[in-house]
Structures are given as C-alpha cells and as structure tokens.
Amino acid sequence: MSPRERHYWLMKSEPDAFSIDDLKRKKQEAWDGVRNYQARNYMRDGMRVGDKVFFYHSNCAEPGIVGIATVATDAYPDPSQFDPRSKYFDPGSSRDNPRWLLVDVKFAKRLKRTITLKELQADAALDGMVLLRKGSRLSVQPVEAAHWEHILALE
DNA sequence: GCCAACGTTGGC
DNA sequence: GCCAACGTTGGC
C-alpha cells in the first residue's frame, strides 16, 4: 500500500444499540451489521488503517457527532452474515464469497459536547456534506478534509 | 409514532 | 429492464 493522504469518515450508530461510551469501554469494536453496498464499499475500498472517523449518534434525542475513532483493521468478512441466529444473517452470502465486509474501529476520544445535527445543518461552511444531503441515510460516509477540520474547530 | 426518502426484491 | 411492493433509516 503506497502512502496517501489521510481520509476522513463518518459512521452512524444508534446509541441505544452501540454508543460512543460503549466504544470507549470496549476500546475496539468490529463494525458489524452494515448491509448497504455503498457503505460496504467505503469500508472495503476506501478505508485504510489509521483513517479518522467521526462517531455519530443517530435516531436519538440529540443526533450529532459525539466522538472520534480510528480505523483499526483492513476490511474482512463480517462474521454475523454467517450466523443463522444473528439478525444480520444473510442466507445469500457464503464463506467462499462473502457479501459483507467490515473494519474494526478503535476509540480515540469522546468530544466534550455533542456537535449536533442541527448545528451542522445551520453551518454554511458544511454545505454539500454527505450527512446533510436531503434523504441521505448512508451509515458509512466520507468526510472532506476541510469539513473535518471545520467541525473539529466547533468543539 | 409518523412518514419521507431510499434501497432491494421479484414478477413480468 | 421496468416498476410496484415492501422493508429500512432516521429526523422530527
């Protein structure tokens, strides 16, 4: 792998299911359960170990960015797709040709405060951000370097 | 809980 | 390949 500019990402999680505090406690976690091809492709083809990730809380009282994680592994098959008892089981996938890949993410920091979706939406400097596009539901998405820096400065 | 937006599935 | 039906996401 040749050196390259650092890439930045945003990953959504419902805090009731897995929160930034859960990641802090566990230190590192396999990002399982992604069942969207575009999100998978970002993990498989875009992410490199060391890339930085905004941890976003979705589907909760105050949606927003709550912490920072780093990509800890290359992509590998999501074990939950092979487990018939898992809600993420995919009978259409096989071990020979796994459909779903994931990366591990490692806890880096919890933000002192939540940078709320509302606040991001109101910020003209973030126009065009994937998260803010109408109807955008992508749970793993790229963040432009300029947007990353701008958001960091909001904390 | 509602519902708009989106992605997937499957009949044709 | 089209598209209606269905399931999911996620803000509100």
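The values are calculated or read from the model by the stated rules, or taken from the named source; none is laboratory data. Note that the structure is predicted; figures quoted are calculated from it, not measured. Positions of Cβ are generated from backbone atoms using ideal geometry, with glycine treated the same way; all protein chains shown enter the neighbour counts. With ligands, DNA and RNA removed, areas are computed over all heavy atoms of the protein, side chains included. Shrake-Rupley method; radii C 1.70, N 1.55, O 1.52, S 1.80 Å.
Assuming R0 = 22 Å, can you tell me the calculated FRET efficiency for the pair A:Q121 and A:N36, based on Cβ-Cβ distance, to the nearest 0.05? Working shown, then result.
Numbers: r = 23 Å, r/R0 = 1.03.
With R0 = 22 Å, the Cβ-Cβ based efficiency is 0.45.
Accessible area per residue for the range A:8-150, computed on protein heavy atoms with a 1.4 Å probe, is 53 Å². Taking amide H as placed 1.01 Å from N in the peptide plane, A:L10 has its amide H under 5 Å from the amide H of A:F54, A:Q141, A:V143, each at least 5 places away in sequence or on another chain.
Pull out the extension gain between A:A17 and A:E5, defined as 0.36 nm times the separation in residues minus the alpha carbon to alpha carbon distance; nm, one decimal.
Working: separation 12, 0.36 × 12 = 4.32 nm, distance 3.24 nm.
Result for the pair: 1.1 nm of gain on full extension.
Could you please state how large a percent of the accessible area of chain A is carbon and sulfur, counting protein chains only and using a 1.4 Å probe? After summing per-atom areas, the C and S share lands at 48 percent.
If you average the sequence gap of Cα pairs under 8 Å that are 6 or more apart and divide by the length of chain A, what percent do you get for the contact order?
Numbers: 278 pairs, mean separation 47.2, N = 155.
The normalised contact order for chain A reaches 30 percent.
The listed residues A:K109, A:K118, A:K27, once ranked by accessible area (1.4 Å probe) with the largest placed first, stand as A:K118, A:K27, A:K109. Within straight-line reach of A:K134, meaning a Cα separation under 24 Å, sit the following lysines at least 8 residues removed in sequence or on another chain: A:K12, A:K118. On the principal axes of its alpha carbon atoms, the range A:8-150 extends 46, 30, 28 Å, with the longest extent given first. Between A:E62 and A:F89, the simple label model (points 7 Å from Cα in the Cβ direction) yields a spacing of 4.0 nm.
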